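A.B. asks: Sharing a structure here in structure tokens format.
The values are calculated or read from the model by the stated rules, or taken from the named source; none is laboratory data. Note that the structure is predicted; figures quoted are calculated from it, not measured. Because the Cβ atoms are built from the backbone with ideal geometry, glycine has one as well, and the counts that use them run over all protein chains shown.
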Amino acid sequence: MNLAESGEKRAPAAGNVPGRKPLFVVLEGPDASGKTTQLKLLSQELTQRGIPHITTREPGSTQVGEALRRVLLDPKQQIRPLTELLLMVADRHEHVEGVIRPALAAGKWVLCSRYTMSSLAYQGHGRGLDLALIRELNRLATGGLEPDYVFLLDLPPQEAYRRTQMRDRFEGEGLTFFTQVRAGYLELIRNLPRGYLIDATAPPHEICREILARLPLSG
Ligand SMILES: Nc1ncnc2c1ncn2[C@@H]1O[C@H](COP(=O)(O)OP(=O)(O)OP(=O)(O)O)[C@@H](O)[C@H]1O
Ligand SMILES: [Mg+2]
């Protein structure tokens, strides 16, 4: 007799259940799409539910990663596309091994701003590097660790452009670059199981509610 026939209640959703696999949740989207804002709001919600978790971001979040971040985002640096990709995946390897895997192993959810999809969208669709090469480097850097959920905070390029005010090297790129990155993101998220498209022009609390509704939480 299976559970449905027995009329027993189904097991509660993950998150509140000790011993259940912690989730790896990634937020993607262009600069200023609200990733950091949402990480904070989601973190508050998980804390309220007593779910142990960390928030983290790429590039950065390790000692080597923060040094790489400074170089990667510095508007004064001129970086070739392939160099940019290699530095991003180097950062990712440090991040996965030094932060993400240890947190998951300790039973903590990982809420992460940017991951493998950023390299595909920016260095692939934005800079024109080969997508198969990026996928291979991503696999190498992550050892095949895939997120359980990816939320794409989608913003029209004009709106992203307006919000950024060109604070870093990527944000200094023109509207054409942002348009290519967005088109890439939309294609990537469509083809990803457990990938969700979120309208990032909505108010922050609405966006947070929408993300929470898709996560396996109870209460
Ligand atoms: N839903 C929203 N509606 C309007 N403005 C927002 C929204 N979410 C965030 N913002 C504003 O947009 C700016 C960028 O937000 P935030 O830093 O969270 O984005 P981000 O995706 O983390 O950016 P970055 O890629 O540069 O780290 C901030 O000024 C923030 O207050
Ligand atoms: Mg941010």
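A.B. asks: Restrict the check to the stretch 78-86 and report whether at least one residue is of a type in the set (D, E, K, R) and assigned to a helix (DSSP H, G or I).
C.D. replies: Here is the first cut: in the stretch 78-86, the ones of a type in the set (D, E, K, R) are 80, 84.
When the remaining residues are screened for being assigned to a helix (DSSP H, G or I), the result is 84.
Yes; the residues of the stretch 78-86 include at least one that is of a type in the set (D, E, K, R) and assigned to a helix (DSSP H, G or I).
A.B. asks: Kindly provide the set of residues from the stretch 50-74 that are crowded, with 19+ Cβ neighbours inside 10 Å and assigned to a helix (DSSP H, G or I), ordered by number.
C.D. replies: Passing the criteria: 65, 68, 69, 72.
A.B. asks: If only one of 41, 27 is more than 11 Å from ligand 2 (Cβ to nearest atom) and either touching a residue at least 40 places away in the same chain (Cβ under 8 Å) or polar (S, T, N, Q) (or both), which one is it? Break it down into steps so the answer makes sense when it comes.
C.D. replies: Values: 27 fails: more than 11 Å from ligand 2 (Cβ to nearest atom).
That would be 41, the only listed residue that is more than 11 Å from ligand 2 (Cβ to nearest atom) and either touching a residue at least 40 places away in the same chain (Cβ under 8 Å) or polar (S, T, N, Q) (or both).
A.B. asks: Okay, next question. Report yes if residue 66 is over 27 Å from residue 186 (Cα atoms), within 15 Å of ligand 1 (Cβ to nearest atom) and modelled with pLDDT of 95 or more, otherwise no.
C.D. replies: In short, yes.
A.B. asks: Against the definition (surrounded by fewer than 14 Cβ atoms within 10 Å (Cβ to Cβ), touching a strand residue (DSSP E or B) at 6+ places or on another chain (Cβ under 9 Å) and either hydroxyl-bearing (Ser, Thr, Tyr) or over 30 Å from residue 209 (Cβ atoms) (or both)), how does residue 47 come out, yes or no? Step through it out loud before you land on a result.
C.D. replies: Values: surrounded by fewer than 14 Cβ atoms within 10 Å (Cβ to Cβ): yes; touching a strand residue (DSSP E or B) at 6+ places or on another chain (Cβ under 9 Å): yes; either hydroxyl-bearing (Ser, Thr, Tyr) or over 30 Å from residue 209 (Cβ atoms) (or both): yes.
Taking the combined requirement at face value, the residue satisfies it.
A.B. asks: Residue 149 versus (1) away from ligand 2 (no atom under 16 Å from the Cβ); (2) of a type in the set (Ser, Thr, Tyr); (3) out of contact with any strand residue (DSSP E or B) (no Cβ under 8 Å at 6 or more places or on another chain): which is the lone unmet condition?
C.D. replies: Tallying (1) away from ligand 2 (no atom under 16 Å from the Cβ); (2) of a type in the set (Ser, Thr, Tyr); (3) out of contact with any strand residue (DSSP E or B) (no Cβ under 8 Å at 6 or more places or on another chain), residue 149 fails exactly one: (3).
A.B. asks: Now a separate question. For residue 129, are the conditions met, namely being part of a helix (DSSP H, G or I), in contact (Cβ under 8 Å) with a residue 12 or more places away in the chain, surrounded by fewer than 22 Cβ atoms within 10 Å (Cβ to Cβ) and in contact with a helix residue (DSSP H, G or I) (Cβ under 9 Å, 6 or more places away or on another chain)? Please lay out each step first, then the result.
C.D. replies: Values: part of a helix (DSSP H, G or I): no; in contact (Cβ under 8 Å) with a residue 12 or more places away in the chain: yes; surrounded by fewer than 22 Cβ atoms within 10 Å (Cβ to Cβ): yes; in contact with a helix residue (DSSP H, G or I) (Cβ under 9 Å, 6 or more places away or on another chain): yes.
No, not satisfied.
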